[in-house]
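Heads up, the thing below is written out as C-alpha cells.
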Amino acid sequence: MKTRSIQYETQGTCSKVIGVTADENDVIQQVYFLGGCNGNLQGVSKLVQGQKIDDVIGKLSGIRCGAKSTSCPDQLSCALEKLKTVPLAEE
C-alpha cells in the first residue's frame with residue numbers, strides 16, 4: 001500500500017508538531033501531536049483515524065482556541081492540506 005506522511009510544525013498553539021500518515025485513498029491512518037493537551041489531542045487523533053482527509057479538513061478548519069486565531073484542530077487541518085501535496089511512497 002502506498003502512503004504519504006508529514007511532520008507539520010504548528011503555529012500559535014501549545015502543540016508544536018503534528019505527525020500525520022494517510023493512505024493512497026486519502027484515508028488518515030495515524031495522527032500524533034507533540035505538546036498540547038494530551039488527553040484532548042489523543043481523542044482528536046482517534047476520531048480522525050479512518051476518515052477522509054477532505055472530510056476532516058472541512059470539519060476542523062477555522063476552529064479557534066479561546067482568543068487565539070487558531071487551535072490544534074485547525075492546525076491539523078493545515079497539516080492535512082500540506083499532506084495532500086506530498087507524493088505517495090511505498091510502505
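Rule-based calculations on the coordinates, nothing more; no lab input. The structure presented is a predicted model; accordingly, all values stated were derived computationally and were not measured. Note that we place each Cβ from the backbone using ideal geometry, even for glycine, and neighbour counts take in every protein chain shown.
Would you please list the contacts, defined by Cβ atoms under 6 Å and residues six or more apart or on different chains, that run from a residue in region 7-19 that is in contact (Cβ under 8 Å) with a residue 60 or more places away in the chain to a residue that is small (Gly, Ala, Ser) and part of a loop (DSSP other than H, G, I, E, B)?
SER15/GLY36
Can you tell me how many residues within region 57-76 are touching a Gly at 6+ places or on another chain (Cβ under 8 Å) and not acidic (Asp, Glu)?
The total comes to 5.
Select from region 17-48 the residues that are polar (S, T, N, Q) and closer than 19 Å to THR85 by Cα and write down the one among them that is surrounded by the fewest Cβ atoms within 10 Å (Cβ to Cβ).
ASN25
Does region 66-86 include one or more residues that are of a type outside the set (Gly, Ala, Ser), part of a strand (DSSP E or B) and surrounded by fewer than 20 Cβ atoms within 10 Å (Cβ to Cβ)?
Initially, region 66-86 is screened for residues of a type outside the set (Gly, Ala, Ser), giving 68, 70, 72-76, 78, 80-86.
Next, only the ones that are part of a strand (DSSP E or B) stay: none.
No, every residue in region 66-86 fails to be of a type outside the set (Gly, Ala, Ser), part of a strand (DSSP E or B) and surrounded by fewer than 20 Cβ atoms within 10 Å (Cβ to Cβ).
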